[in-house]
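See structure below.
The values are calculated or read from the model by the stated rules, or taken from the named source; none is laboratory data. This is a predicted model, so every value here is computed, not measured. Cβ placement follows ideal geometry from the backbone for every residue including glycine, while neighbour counts extend to all protein chains displayed. Accessible surface is based on the protein model in full, side chains and every heavy atom, while ligands, DNA and RNA are left aside. Shrake-Rupley method; radii C 1.70, N 1.55, O 1.52, S 1.80 Å.
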Amino acid sequence: MSSVLARSETSLPSDAAVAHPAANPLVDAIYDPVTGSVQYIVTCPTTRACAIIDPVLDYDDKSGSTATRNADALLDHIQKHNLNLVWIFDTHPHADHLSATAYLRDKTGVPVGIGEGVVKVQEFWKTIYNWPQFAADGSQWDHLLKDGESVRIGELEAKIISSPGHTPASMTFLIGDAVFVHDTLFMPHSGTARADFPGGDAAQLWHSIETLLTLPDETRVFTGHDYPEGREPQWESTIGEQKRHNVHIAGKSESEFVALRTKRDSTLPMPRLLLPSLQVNINAGQLPPAEDNHRHYLKIPVNAFPGANW
Ligand SMILES: N[C@@H](CCC(=O)N[C@@H](CS)C(=O)NCC(=O)O)C(=O)O
Ligand SMILES: [Fe+2]
């Protein structure tokens, strides 16, 4: 299956049109139909500096093969538009796909970042993988993002907002008139992300979403996933649309949300790639070290999640 590339609103200005400081980013998205993930390239229109958010490393669990089709498509886009990559981020340690951050850092030398709460996720999963020598201190990333801090992408300021609930490490990026909400709000007709992963919490997710909904109605909202059934994938909405139409949020109280989220989560199987993903993603997208035959192995803990839906 091939990825879908789409650009939000305006396209890159000509070199002549770069006199004024940027407030709002250009946003390009590459959708991965295999995992339903949306990968973003966020660009400062005045300097052409850009950041990648949530890159996917392709993984076929049937053959144990990795590939870099998605990540290379991101790099091709950057090269084609003559952009200057300055940051690579994951919004949270993903449970449904392997992160391509390590591959991209190796290729480009550009720093990688994730929320500082990743340490809690590392602590949980290093026990599951029985991996005592693994350093659960976030040192695998170049930068651990803190709530309220800002990072620069050229002349753009990316404000980091902690938004736990789906995971304890989840961070939202507010960049000009665009907010990258990852796995909090999905498209209004599909609702919200699940809150049943280890360290997840439906009430926390509600409060994180409430904070996001205080942004101006016209703010562009870019979500981390879409799971279309018989339609084209979608990932862009606005805060106003979310407030009015999100099927899990609009007209609901906190307790109603928690009840519906908990009920739905009790029916969901674990993501197909949960166990390969976390082993790689707590390690900033690096495979476990190669063994003496130079091959990398992923470990599957047996019966670590009794009662999980199949
Ligand atoms: N079927 C997908 C499900 C992945 C999944 O659980 N996605 C999370 C985000 S990482 C979610 O919030 N899903 C909400 C839902 O499926 O309702 C898979 O196996 O990968
Ligand atoms: Fe997720």
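In table form, for the structure just shown:
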item: Under DSSP loop assignment and at most 10 Cβ neighbours within 10 Å, longest GluC sites (Glu not before Pro)-free interval of the chain; result: 1-217
item: Compactness index (Cα Rg / 2.2 N^0.38 Å), the range 14-281; result: 0.97
item: Count of lysine pairs in the range 14-281 with Cα separation under 19 Å (8 or more residues apart, or interchain); result: 5
item: Inter-label distance for ASP137 and GLU232, nm, one decimal - labels placed 7 Å from Cα along Cα-to-Cβ; result: 4.9 nm
item: Segment HIS189-ASP61, length gained on full extension (0.36 nm per residue, minus Cα span); result: 43.1 nm
item: Solvent exposure of the chain as accessible area per residue, Å², 1.4 Å probe; result: 45 Å²
item: Ranked by how many other beta carbons lie within 10 Å on average, peptides 277-290, 40-53 from highest; result: 40-53, 277-290
item: Those aspartates and glutamates that a straight Cα-Cα span of less than 17 Å connects to LYS299, excepting residues fewer than 8 apart in one chain; result: ASP60, ASP61, ASP96, GLU123, GLU291
item: Hypothetical label at ARG69: residues of the range 24-38 whose amide nitrogen lies under 13 Å (7 Å Cα-Cβ projection); result: 31-36
item: Convex hull projection area averaged over all views, the range 37-145, Cα basis, nm²; result: 7.6 nm²
item: The range 190-310 - percent of accessible surface contributed by carbon and sulfur, probe 1.4 Å; result: 53 percent
